[in-house]
Structures are given as C-alpha cells and as structure tokens.
Amino acid sequence: MQQIITGIIASPGIKIGKAYVYHGTNLIIPKYTVEPDQVDHELDRYRQTLEKTKADIKAIQEQISRSLSRDMADIFSSHLMVLEDPMIAEKVVRNIRENRRNVEWVINDISMELIQSLSSIEDVYLRERIVDISDIHKRLINNLQKTSAPSLPSLDKEVILFSADLTPSDTAMMNKKYVLAFVTDTGGRTSHTAIMARALEIPAIVGTINGTSMVKDGQMVIVDALHGKIIIEPTDVQIDEYTRYQEDLLLLDAELAKLTHLPAATLDNEVCHIYGNIEIPEEMKMMKEHGAQGIGLYRSEFLFLDRALPDEDKQYVAYKKVLEFFSPMPVTIRTLDVGGDKIYAYNKTVRERNPFLGCRAIRFSLENESLFRTQLRAILRASVYGNTRLMFPMISTVEEIIKSRNILYETMDDLRKEKKEFDADMPIGIMIEVPSAAINADRLAAHSDFFSVGTNDLVQYTIAVDRLSEKIAYLYNPLNLSVLRLLKHIVDVSAKYEIPLSICGEMAGEPRYTVPLLGLGFRNFSMGTAFMYQTKRIIRSVNINECEDVVEEMMKLDVTEEIEKLLLDYLGRKFPTMLF
Ligand code: PEP
Ligand code: MG
C-alpha cells in the first residue's frame, strides 16, 4: 500500500529507486569490573584507544580533504575536540579508578550521559550534535574491541538508503555511485550529516521520525527532496510524473550555463535579483554555480554550534572567506539568531516558557553585549574584503535598532583607535519578521538602510502558529490573507521611503510563491539552491501585470484554501510541466 512520509530537506534533488534499509551494526558493550591490579592495564587500553581513534579521524579528514575539501574535513575537528577534552578524559580516568569498571562500560555511560543532556535541549542546532557524539562513541567502542567501525556495507547496486540515523562518517564514506539518495529518522538541516550530503550532492531527507520502520527492503520509492516527501510504492502514474519532472530538472541543468548568466528579468523587463541563503562558508561555491548574485542571508548561527564559543578571529576568518569569494557581489551577514533555549545551553540559566517569544536573536545579542561586540568586530574587520551588508535579526522595536546601531558605532570607534580597517559605509539593515516590525516599518525605515523579510518567522508570529509544530502545521500557510496583507504593506512602505527590500524566508525560494511575490512588488529574492533555476525560469516567463492581476484576485478571497486553489489553478495552466 502506498505511504507518504515527510521530513526535512537536507540536500535537494529527486530520485526514484529501490529502498535499502540499513540497520548499522549493533554495538555490544561488555560490562565488567576489573581487579585492582588490572586498573592500570584498563587505563592503558583507554589511552591507546584514544590515540588510535584520533589517528582514524585524522585519516578520514585527509581522505575527505582529498575527495571533497579541507573545509568539509574540518567538520571532524569537533570530533577531535571531544576526544581531546580534558574534562571528559578526567571523568573517564576517575571512573575507571574509582569504580574499577572496564573502559567500554565507562565510555558508554559517559556518552549516554552526554547524549541524554543534549536530547533534553530544545534547541535543534545543539540537539543535532547527538549524532556526532554517537559517531565518536561507536568508534571508541569498536577500537576497544578491535572490530572494524560500523560502516555502510560495500553496495554494488543503486539504492535509496534508509537508516534510523547516519553518522557524519557514514555519510562521508558513502559511495555516491550506488547511494542515489538517503533518508533518516533523525537529524535536521544543520546536522553534520546534512551538510556532508549537500557537499556530496546526494539528495537527502532527514528527521522523518519513523521513516525507516515504514519501508521494506526492495520496495520502490520516490525521494522528493525538493518538497520534503518520500512516496513508498508509488503508482505508475506517479513514477511517470516524477520521471518527467526529473527530466525537466535535467533539462534545466543542461540549460544551466545559459540560465546562470541570463538576468532574472520578467518578460516586460522588470529586473529582479536572486541571492543565496547560506549557513556555512562551504555552501558558497554551489551558490555561485547556481547563479546566485550574492548572499542575501548568511545565517551566522552555525559558527556558534561547537562546545566553545567562536572567538573573534575564528569568526573573522569565516566571514572574510565568504566576502572574498563573492566580491564584488553583496554578502548580507546576519548577526547571531539563537533562541531562548540556546541561552540555557550556554549560560545554564532558567529555561524560558516560550522560547520563540523570549530572549531570541537581537534580544539575546543585546543581553549578551560582549558576545555581540565580538561578532560585530569580526564582521567589521572582515568587511574590507568584500561588499558587506550587516543585518540584525528579529527587530521588534525602534529602540532595538537604535541600541544595536549605537553598539556598532562604539565598536567602530574601538577599531579606529586600534588602527584596524573596516568599511564604515556598509549598509545596516534589519529583518522584518515580526508583525510589530511590519506594522511600524515606516518608523523603522528611518534607522535602516535595507529591509529583508523573513517569512518563516513572520508567518509564525502573524498567525500565532509555532513554525515547528506538526499538530497545527495546517495553519502555517504563507498565503493566509493576513500575511499577504502584511507583505503588501511592507512593499508599499519600502517604496515610499526608498528602502531597498528583499525577501529571504523559505517562501522566497518556493516556486509556487514566485508569481504572487512578484505581483506584491518583491524584486529581490534570497533562497537555497533547490529552486533557484525554477525561480529564474518563472521570473523570465511572466509579465508583472499578470502577476499583479493574480495576486489581486487572490486577495479578494478570504479562505486560505481558496486562495491557494486559485493560485495553483493559474500555475497549472501557465506552467503545465512543472510541479508546484
Ligand atoms: C525567517 O524567519 O524567514 C528567516 C529567514 O530567518 P530564520 O529562518 O533563520 O529564522
Ligand atoms: Mg527568522
């Protein structure tokens, strides 16, 4: 019977093939106590294993360095950091000495403790580190038992791989020839496994929760990692439809060279721009290859995932790399946007009742001023290497932008005193992602060099629907009239006050919204690579008048479902070969 599973797109693409369910190797943890005179021997076993594991990881790093890039290999540096963490080492040694337990037992307990404490954290970024810990855990145990590390068996035919989870090393070692795509129950977009999949260009859907248990070996599946769904046992019609879609995509790829260099202008010559959203510098190459005209949103959160906060130099190096790469194209660096739950992780203060309504994004930076100043220093110092734009997230009041700007100016003064160079004229903008900011956009305009609309949050806060909640996901719809009206208002205000405007939420990169966004007046879009070509193709096939008419008709309706139907009917007629 046909089943559809949904998940998070970790790496875009579409693949059709037979499922292969990978169960990994079950770890067997021997647990015993050792005689007092064996304690030293046990400590030796621990030290030798630690060295061997570090050497293994360095070997993997070298291999990835050769096959992918140095940057990708760096992902494993955090594994080395855990192995070299003196506090963990001391805990292991103390446990072996005091409890006279064998190393496997102790390592297992400590790993489980770490995993347990990470799983209780609500922040998805930090929770995704669990898979890194279990990767290291497996490696240590296997080395202790002198068994080989569990890795994907040597596949000899093309499969769609399903697994409860995949470690970053599993992914890095995957044979791209045979693994057409993969699907995991756990993980998110920013897990190291997901990043690795994007670098390898293997389509992947993660976080399906129970996807693996729903599929059997050999079953036919379609992985639609453009819309985040997996169709198990598709009908022949669906296979045909997706095959055509795949061919269409291939065709688009073939047109790539032409399309990449063609302007994103409408038939009536209204010039638009397509920028990229990135989380890590490693994604920038692919962005450029897809024709991104710069970076509209560089989410700096990813730098803050490791156990230690990144210092000024580490941040400076990362920002400089992206700026240099895109220069003279613009790169919009957004200051840290972490949720209230992240404060818990860093400061161990009380957890908030409503993290999304709590000390998030700019509020967190203003609360943690020294961390904020460090980030601003790093961005300012890097700014001389390219066309830098600085952006503050989740501005909800005029006071916040004034305060943030003042801190920025003080930081500039500090750098001047230190005779350090920076671009004093870089544009300073804000995200419009909270209804209060949208409503007061005219007042915020006086303090902003540009606006970028974050629809992911704007939809969440306007409709009061948690963007991560499965249960009320039906409410989360950017075509809700209230959202369309707010968007229209933002466009009108930006035009009146001549504030450059762009849109960088997921809505900007989903082909079904391109026409209404054009009709509302948006011209600058920032998105992931998944639909960049399609967006450009749509832009190049429409007249603005037509888009304005469509959105006008949509906004006459009240019910979101009807608005959506009107739009999809239009798109079906206009672009019969595309799936929306
Ligand atoms: C948004 O809210 O639309 C946005 C782009 O920011 P983030 O998804 O990082 O919250
Ligand atoms: Mg946001």
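The values are calculated or read from the model by the stated rules, or taken from the named source; none is laboratory data. Everything numeric in this text was worked out from a predicted model, so none of it was measured. A quick note on method: Cβ atoms are made from the backbone with ideal geometry, for glycine too, and the neighbour counts reach across all protein chains shown. Surface areas here come from the heavy atoms of the whole protein model, side chains and all, with no ligands, DNA or RNA. Shrake-Rupley method; radii C 1.70, N 1.55, O 1.52, S 1.80 Å.
If you check LEU557 against the conditions, is it in contact (Cβ under 8 Å) with a residue 12 or more places away in the chain, open to solvent by less than 40 Å² (accessible area, probe 1.4 Å) and of a type outside the set (Val, Ile, Thr)? No: the conditions fail for LEU557. Only a single item in (1) more than 16 Å from ligand 2 (Cβ to nearest atom); (2) in contact with a Gly (Cβ under 9 Å, 6 or more places away or on another chain) is not met by GLU399, and it is number (2). Number of residues in the range 1-21 that are modelled with pLDDT of 90 or more and open to solvent by 20 Å² or more (accessible area, probe 1.4 Å): the value is 8. Across the range 495-531, the number of residues qualifying as closer than 16 Å to ASN477 by Cα, assigned to a loop (DSSP other than H, G, I, E, B) and open to solvent by 20 Å² or more (accessible area, probe 1.4 Å) comes to 1.
Beta carbons closer than 6 Å, at least 6 apart along the sequence or on distinct chains, pair a first residue in the range 425-447 that is farther than 11 Å from VAL493 by Cβ and without any contact (Cβ under 8 Å) to a residue 60 or more places away in the chain with a second that is assigned to a strand (DSSP E or B) and hydroxyl-bearing (Ser, Thr, Tyr) for MET426/THR388.
Among residues belonging to the range 433-486 that are β-branched (Val, Ile, Thr) and touching a Pro at 6+ places or on another chain (Cβ under 6 Å), point out the one that is nearest to ligand 2 (Cβ to nearest atom). The qualifying residue nearest to ligand 2 (Cβ to nearest atom) is THR455.
Among the residues of the range 360-385, what is the count of those that are assigned to a helix (DSSP H, G or I) and within 16 Å of ligand 1 (Cβ to nearest atom)? Going through the range 360-385 one residue at a time, the tally reaches 5. For THR186, the stated conditions hold: it is hydroxyl-bearing (Ser, Thr, Tyr), touching a helix residue (DSSP H, G or I) at 6+ places or on another chain (Cβ under 9 Å) and touching a residue at least 40 places away in the same chain (Cβ under 8 Å).
In the range 386-421, what residues are away from ligand 1 (no atom under 16 Å from the Cβ), more than 18 Å from SER370 (Cα to Cα) and surrounded by 17 or more Cβ atoms within 10 Å (Cβ to Cβ)? Matches in the range 386-421: GLY386, ASN387, THR388. Tally time: how many residues in the range 219-242 are closer than 30 Å to SER67 by Cα and either open to solvent by 20 Å² or more (accessible area, probe 1.4 Å) or acidic (Asp, Glu) (or both)? Residues in the range 219-242 being closer than 30 Å to SER67 by Cα and either open to solvent by 20 Å² or more (accessible area, probe 1.4 Å) or acidic (Asp, Glu) (or both): 3 in total. Within the range 440-454, is even one residue open to solvent by 10 Å² or more (accessible area, probe 1.4 Å), away from ligand 1 (no atom under 16 Å from the Cβ), among the polar types (S, T, N, Q) and more than 18 Å from GLY505 (Cβ to Cβ)? Yes; the residues of the range 440-454 include at least one that is open to solvent by 10 Å² or more (accessible area, probe 1.4 Å), away from ligand 1 (no atom under 16 Å from the Cβ), among the polar types (S, T, N, Q) and more than 18 Å from GLY505 (Cβ to Cβ).
Here are ASP492, ASP457, ASP442, ASP466: which of them is in a helix (DSSP H, G or I) and either outside the structural domain of ALA361 (by TED's automatic domain parsing) or closer than 27 Å to ILE209 by Cα (or both)?
Values: ASP492 fails: either outside the structural domain of ALA361 (by TED's automatic domain parsing) or closer than 27 Å to ILE209 by Cα (or both); ASP442 fails: either outside the structural domain of ALA361 (by TED's automatic domain parsing) or closer than 27 Å to ILE209 by Cα (or both); ASP466 fails: in a helix (DSSP H, G or I).
After ruling out the rest, the residue left standing is ASP457.
There is no residue in the range 46-56 that is surrounded by 15 or more Cβ atoms within 10 Å (Cβ to Cβ), outside the structural domain of SER191 (by TED's automatic domain parsing) and outside any helix (DSSP H, G or I). The set of residues in the range 229-256 being out of contact with any Ser or Thr (no Cβ under 9 Å at 6 or more places or on another chain) and not in a helix (DSSP H, G or I) consists of ILE231, ILE232, GLU233, PRO234, THR235. Within the range 194-217, can you find the residues that are under 22 Å from ILE133 (Cβ atoms), open to solvent by less than 10 Å² (accessible area, probe 1.4 Å) and of a type in the set (Val, Ile, Thr)? Residues satisfying the conditions are ILE195, VAL206, THR208.
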